[in-house]
Amino acid sequence: MNYFEKANEYYNIKDYKKAIEFYEKAIEYKENESASFYNSGVCFIKLKEYEKAINLLKRAIELRRNSKYFFNLAYCYAMLKDTKKALIYFNTAWSLDNNDKDCEKAIQLIIQGYKKNPR
């Protein structure tokens, strides 16, 4: 059985908890390991469990430096109101893919927030 593909099937029907189970199996068997960590993290984002997502996204980044991995890590920090870490990771994502307009927008929103409420 290809656990990664099965996990993706559950993800596509929005059964994120079941998808996580299969991504964990995929990780255990080293199937698309970085993508399995990343996709698990995204499932936790969908479930609004940002701390769990952060841990998985960091594991994915250890295996592969990918713009979208950093973007979603930054998003988690933004949702947890840690704007400094969010800005760092959005900038990292943008440095890896400076064509990413969503990254650019997120950075601008954080900077505007700082201008309105300087600390």
**Item:** residue 95 more than 21 Å from residue 48 (Cβ to Cβ) and under 13 Å from the mean Cα position of the chain (by Cα)
**Value:** no
**Asked** In the list 6, 14, 30, which residue meets the criterion of being at pLDDT 95 or above and either under 19 Å from residue 109 (Cβ atoms) or surrounded by fewer than 17 Cβ atoms within 10 Å (Cβ to Cβ) (or both)?
**Response** 14
**Request:** Filter segment 35-56 down to residues that are crowded, with 19+ Cβ neighbours inside 10 Å and in contact with a Ser or Thr (Cβ under 9 Å, 6 or more places away or on another chain) and give me whichever is nearest to residue 75 (Cα to Cα).
**Result:** 53
**Item:** Output for segment 68-91, where each listed residue is without any contact (Cβ under 8 Å) to a residue 24 or more places away in the chain and surrounded by fewer than 19 Cβ atoms within 10 Å (Cβ to Cβ)
**Value:** 81, 82, 84, 85, 88, 91
**Complete:** Subset of segment 98-119, residues surrounded by 15 or more Cβ atoms within 10 Å (Cβ to Cβ), under 12 Å from residue 67 (Cβ atoms) and either more than 14 Å from the chain's Cα centre (by Cα) or of a type in the set (Phe, Trp, Tyr) (or both), comes to 100
**Prompt:** For segment 1-86, which helices (runs of 4 or more DSSP H) that fit wholly inside it have 1 or more residues that are under 22 Å from residue 100 (Cα atoms)?
**Reply:** 33-46, 50-63, 67-79
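The values are calculated or read from the model by the stated rules, or taken from the named source; none is laboratory data. The structure displayed is predicted, hence computed values, not measured ones. We place every Cβ from the backbone using ideal geometry, glycine too, and count neighbours over all the protein chains shown.
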